[in-house]
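The values are calculated or read from the model by the stated rules, or taken from the named source; none is laboratory data. Source: prediction; values computed, not measured. FYI the Cβ positions are ideal-geometry reconstructions off the backbone, even for glycines, and counts take in every protein chain you see. Areas reflect the complete protein model, heavy atoms only, side chains present, ligands, DNA and RNA absent. Shrake-Rupley method; radii C 1.70, N 1.55, O 1.52, S 1.80 Å.
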Amino acid sequence: MDQLPGDVLADVLGRLAPRSLFACRSICKAWRAVIDGHRLLRKDLLPFTVAGIYVVYDNVSAKHSPPTFFSRPSAWARIQANLRYLDKIRPGYGWSHIGVHCNGLILLSEGVVNPATRQWAVLPPYPDRTRVKGFGQFAFLAFDPTVSPHFEVFFMHCVNHRYAGENTDLYPASPGSEWPPSPFVMSAFSSKTWRWEERSFAREGAAVRSVADVEPFLRDVYGHDSSVYWRGRLYVDQTYFVIRLSLEDNKYQVIHLPPINTAYPRIDPYLGKSEKGVYYGFEHDEWELQIWFLHESTDDDPEWTLKHEIDLRPTLASFPWKNGDRSWSVQQGVSREGLEKEEPEWDSDNEDGVVVAAAAAATEVTKGFNDCISILGFHPYKEIVFLYTWSKRVMAYHLNSSKLEDLGCLPSDDDDEMRSSCIYTPCWMESCLRTNSVETNIKH
């Protein structure tokens, strides 16, 4: 087939199912060029658009309540994002608790689900839960439907949070040992084989012996489920540093955090993927925002570059808060009937409703803004960061234009504490989860 003209080859490949097209795309550069050049893959089926934001709360009555889906109502006609049905399918497992999102798939406590297609799969039991003092074990997801319909899950030790007064040296086994070790051994699950296997990664560069230099600024950070899968590499936030796993050659590298000003009393960080690659953002002093971009090359060590820095207090204080026609809201129980006429998808390039706040009177300042901000996540394909204020507003902040867009109000109970969030990009491709779905489960 290599001898066929491009148009003829495109006609042959165009007869394949999307899943087979993905496989053919990875065979050689020539085939990939034909598939991409003739647009044989339907991009509307791929996770290239933001459908909404998943938010997970902890509260007094329920440790892990089902996630909240915050989006434009137009998304409700296509995506039944409430995951409560999984708790009914797997009672007692707390399935609806979100762990990690990656390109349309969501890793749950006991399996993986695709909310767009409502397909799901139970993973085999995690093989190794050996406890190591000062460390915890967490699972991370790697999935890219433009390369393969299969996914991988990596279950590894991560540095536990160090409390004030505790030893900040990293000695997981014995005094003087390095962390992460080399080789870094972890459990890896592949949907191709549908089993867990031991996998080793050799270290490139130095290890981390102590977190004393950054511990004071990350004293209140507890989460370990922040990760990024980007071009065959899995970036895992280990609170005090980032580990980059190269899945192709089984090597890893420790990436130190961006420079943190010693004047900051504490920061609230977020590792994510955006338009150009891996980003690290944090707020400090309640209103100030910093966004860093990770520069990478084959020859040099990764290096953080300050992408954006701004004090949002003046803008937020004078912002003309209102819901408007473009507001988002929490998805309620809706049927597809009555929603057949869908509104256009949210277009971040369309600046209708994007407001640059002007000066405001003192009374408006007091009424409009009297709290803090936190990061919900990054737009995966545009340089936009989603923010949440303690007055329960969700905003899209455009890094290139420094404009703010009010998306709406995200209501919650007073005793709710936001545990995690993820920017959801639906994937409509049939994948290795196709054998399990809500519909087939109900039939059987």
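Assuming 0.36 nm per residue, please report the length gained on full extension of the stretch residue 390 to residue 403 beyond their Cα-Cα distance. If you can, show how the numbers build up before the last one.
Details: separation 13, 0.36 × 13 = 4.68 nm, distance 1.96 nm.
My answer for the length gained is 2.7 nm.
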Distance between modelled label sites at residue 48 and residue 185, nm, 7 Å Cα→Cβ extension: 4.4
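Distance cut-off 27 Å, Cα to Cα: go down the list 276/392; 133/392; 192/382; 133/273; 251/382; 273/392 and report the pairs above it.
On the way: 276/392 29 Å; 133/392 38 Å; 192/382 32 Å; 133/273 31 Å; 251/382 29 Å; 273/392 24 Å.
Cα-Cα > 27 Å for 276/392; 133/392; 192/382; 133/273; 251/382; rest within.
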Amide hydrogen neighbours beyond the local backbone of residue 111, cut-off 5 Å, H modeled: 123
For region 103-151, accessible area per residue (1.4 Å probe, heavy atoms of protein chains only), Å²: 36
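If the chain between residue 193 and residue 160 were fully stretched, how many nm would it gain, using 0.36 nm times the residue separation less the Cα-Cα distance? It would help to have the intermediate numbers written out before the result.
Details: separation 33, 0.36 × 33 = 11.88 nm, distance 3.11 nm.
Taking 0.36 nm per residue and subtracting the Cα distance, the gain is 8.8 nm.
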Amide H partners (placed H, <5 Å) of residue 260, local residues excluded: none
